[in-house]
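Data first, discussion second: the structure below is written as structure tokens.
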Amino acid sequence: MENFMTIKRKHIFMGVFILIATYIVIESYPSGFQQKIAEGPSFLSKQLSSYLDDNKAHSDTYAASRYRPEDPLYVPLLAIQYDNKEKAEALLAPLVEKGDSEAMFWLAEITYGQSIYSGDAAAELFKKAAKLGNPYAAIRLDSRDIECTRYMGYHCSEEWGEKGRVILKKLAETGDARAGYALFHHDVMLKGGNRTAVSEESFNVLTKAAVDGVKDHYYYPLMELASLYRQSYSYPIWVSSSDTDDNTQVLSEKDRGILKNLYKLAAKNNDAYAINLNLPFASIGENAVIDEGYTDDQILRTLTLLSKVYEYGPAFARKAESNRSALVQGAAWAMVDDFNRNDRSFDYGRQFQRYEYVITNEFNLKFLDDSELEKAREVAKDLIKTLTPVIYLDENQTRAF
């Protein structure tokens, strides 16, 4: 009897062990997404070969801008980018009155989260836009998204999310990259924010949006893909060892070259977001694909399109190692930033203070003396006249730098 019980316990133990092992294998087996990513970015270079061959910077300043100066939403969105919400609200209100669903979306966005009492006002605007057929407003009202339930509570419903998805799918199928990218991000949200948990179908939506986007100078989905490949999510999750400090696998030289060209594709077409956020990101770490010198050149080349002190500050600091006058130029741009953000004043505001911090604390350089500061102020007055700011905000990227 004792032997029988011993054998029975062994069988139970083995059964439990097999079940656990089977579960681990199933959970560890790469999803369709992971298998697709594992193939590498070669397919992108094939599909985009005609766009990758030309290395010249685009002559159109506004090639990748969401809106152009003549568009009604250009000035309101520029105000949002400069963090002047009061001005943006005043400019958006008349457009909302005229029934512009995009204006409703943006007024809702800058209203949402201002206080615990602003949720209802934002939700009403989102609903008004959604009823007019705006899919981006509709998915903002999805009750499965914590960003909706946090402040807009009972206004949220799964039905709104599904209505938005139906419209986005139809638009994405016709080549609308913005809609395809929104659909991918909605899928990520449904997966709890885990990009690597989405399905192969979602990955295909993203890749289509990336290719469609290049044709229309919309580079957000392409940069998303480049980020996934650069971080080497291509490797099955059962590979726990890593060749880099950031727990990713080392890129092959072939993939590194392809990704470098993809980053450069967005940069040469004046995509301010790619230049100011993605290029610096892609130039650090052991999987860097863009060299620091190229990043600096692009940031400084496009300062009239967009300036971000934590990016141009280091670029000017590195130039100052051989030419101190670069510090004056950088200080002038910081003053321009403050001029645009603070009631048209050249006083030393937040952006200037950030610039000083970068120069003195991060690079340990002697800051400008009084005569250099006065020269920077005069340079800033001339720089103001050269600005051609682009709009990088859109329905998929609603937060300003």
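FYI, it's all coordinate maths here, none of it is from the lab. This one's a predicted model, so the numbers in the text were calculated from it and none came from an experiment. FYI the Cβ positions are ideal-geometry reconstructions off the backbone, even for glycines, and counts take in every protein chain you see.
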*So what's the projected area for region 128-224, the Cα convex hull averaged over all directions, in nm²?*
6.1 nm²
*asked:* Please arrange Glu109, Glu286, Glu356 by how many other C-beta atoms lie within 10 Å of their C-beta, fewest to most.
replied: Glu286, Glu356, Glu109
*asked:* Helix-only mean residue ellipticity at 222 nm, the chain, DSSP H runs n ≥ 4 weighted -39,500 (n - 2.57), per residue, nearest 500. What is it?
replied: -18500 deg cm²/dmol
*Tell me, what is the percent relative contact order of the chain, built from C-alpha pairs under 8 Å that lie six or more residues apart?*
18 percent
*Pick out which of Thr388, Thr302, Thr360 has the largest mean-square fluctuation in a Gaussian network model of the chain, springs linking Cα atoms closer than 10 Å.*
Thr360
*asked:* Pick from Gly213, Gly119, Gly293 the residue whose mean-square fluctuation is largest in a GNM of the chain, springs joining Cα atoms under 10 Å.
replied: Gly293
*Measuring from the lowest to the highest alpha carbon on each principal axis, how far does the chain reach, largest first, in angstroms?*
98, 54, 46
_Footprinting exposure proxy for Tyr357, Tyr154 (fewest neighbouring C-beta atoms within 10 Å first)_ = Tyr154, Tyr357
*Contact order relative to length of region 176-218, as percent, for alpha carbon pairs under 8 angstrom and 6 or more apart*: 57 percent
*lysines within cross-link reach of Lys170: Cα-Cα under 27 Å, excluding same-chain residues under 8 positions apart?*
Lys36, Lys46, Lys98, Lys127, Lys128, Lys131, Lys191, Lys208, Lys215
_Of the candidates Gln298, Gln353, Gln47, which one comes out as most mobile in a Gaussian network treatment of the chain with C-alpha springs shorter than 10 Å?_
Gln47
_Viscosity 0.692 mPa s, temperature 37 °C: what is the translational diffusion coefficient of region 300-401 from Stokes-Einstein with a Kirkwood Rh over Cα pairs, rounded to a whole number of µm²/s?_
237 µm²/s
*All lysines inside 17 Å of Lys319 as judged from Cα atoms, apart from same-chain residues fewer than 8 positions distant*: Lys308, Lys366
*Quick one: what are the phi-derived ³J(HN,Hα) couplings along region 300-307, Karplus 6.51/-1.76/1.60 with θ = phi - 60°, whole Hz, x for glycine and proline?*
6, 5, 10, 4, 6, 8, 6, 10
*Would you please state which residues of region 70-89 a label at Ser118 would reach in this model, taking the label point 7 Å out along Cα→Cβ and a backbone N cut-off of under 19 Å?*
76-89
*Rough spin-label spacing in nm, given labels placed 7 Å along Cα→Cβ, for Thr360 and Val75*: 3.8 nm
*Going by how many other Cβ atoms sit within 10 Å of their own, how do Ser115, Ser101 line up, fewest first?*
Ser115, Ser101
*Ser49 versus Leu132, label points 7 Å from Cα toward the beta carbon: distance in nm?*
4.5 nm
